[in-house]
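Since the structure comes first, as structure tokens, the remarks are kept for the end.
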Amino acid sequence: MNSHSLYYSNFCYFCHKVLRFLRGQDYAQAIELRSTSEGRNRADLIEGGGRGQVPCLRIETSDGEVQWMYESDDIIRYLDSALAGKAEGNPAAS
């Protein structure tokens, strides 16, 4: 099963766009939210993803491979297609 973390800033319009999309989604609680203004989150984002741009979705697959996805529309599209089916009980959607 993939694990997901969303790096965001409270001051970013595009981050709020993704966060608004997540409201009411059955799978939203499965996504760890990481504010870049707290702790090491910004440093971890830059270390792992190579830049501090937010929003950024960190996707870790069950085999340990990590992908960093930027751009709010891409993130929303991915979440809608990859996780929506799981929330409805479709194990094939991943």
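A few points about this structure:
- From the list Gly48, Gly64, Gly39, Gly89, the one residue that fits, being over 18 Å from Lys17 (Cβ atoms), at pLDDT 95 or above, of a type in the set (Gly, Ala, Ser) and not in a strand (DSSP E or B), is Gly48.
- Listed conditions (1) closer than 13 Å to Leu79 by Cα; (2) touching a residue at least 12 places away in the same chain (Cβ under 8 Å); (3) open to solvent by 30 Å² or more (accessible area, probe 1.4 Å) are all met by Val66, apart from (1).
Rundown of residues vs (1) exposed (fewer than 12 other Cβ atoms within 10 Å of the Cβ); (2) touching a helix residue (DSSP H, G or I) at 6+ places or on another chain (Cβ under 6 Å); (3) aliphatic (A, V, I, L, M), yes/no style:
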residue: Ala28; (1), (2), (3): no, yes, yes
residue: Arg34; (1), (2), (3): no, yes, no
residue: Asn41; (1), (2), (3): no, no, no
residue: Leu45; (1), (2), (3): no, no, yes
residue: Gly52; (1), (2), (3): no, yes, no
residue: Ser62; (1), (2), (3): yes, no, no
residue: Ser72; (1), (2), (3): no, yes, no
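- So Gly24, is it part of a loop (DSSP other than H, G, I, E, B), on the phi > 0 side of the Ramachandran plot and over 10 Å from the mean Cα position of the chain (by Cα): yes
The values are calculated or read from the model by the stated rules, or taken from the named source; none is laboratory data. All figures in this text were calculated on a predicted structure; none of them were measured in a lab. All Cβ positions, even for glycine, are placed from backbone atoms using ideal geometry, and neighbour counts span all protein chains on display. These accessible areas exclude ligands, DNA and RNA; they are computed on the full protein's heavy atoms, side chains included. Shrake-Rupley method; radii C 1.70, N 1.55, O 1.52, S 1.80 Å.
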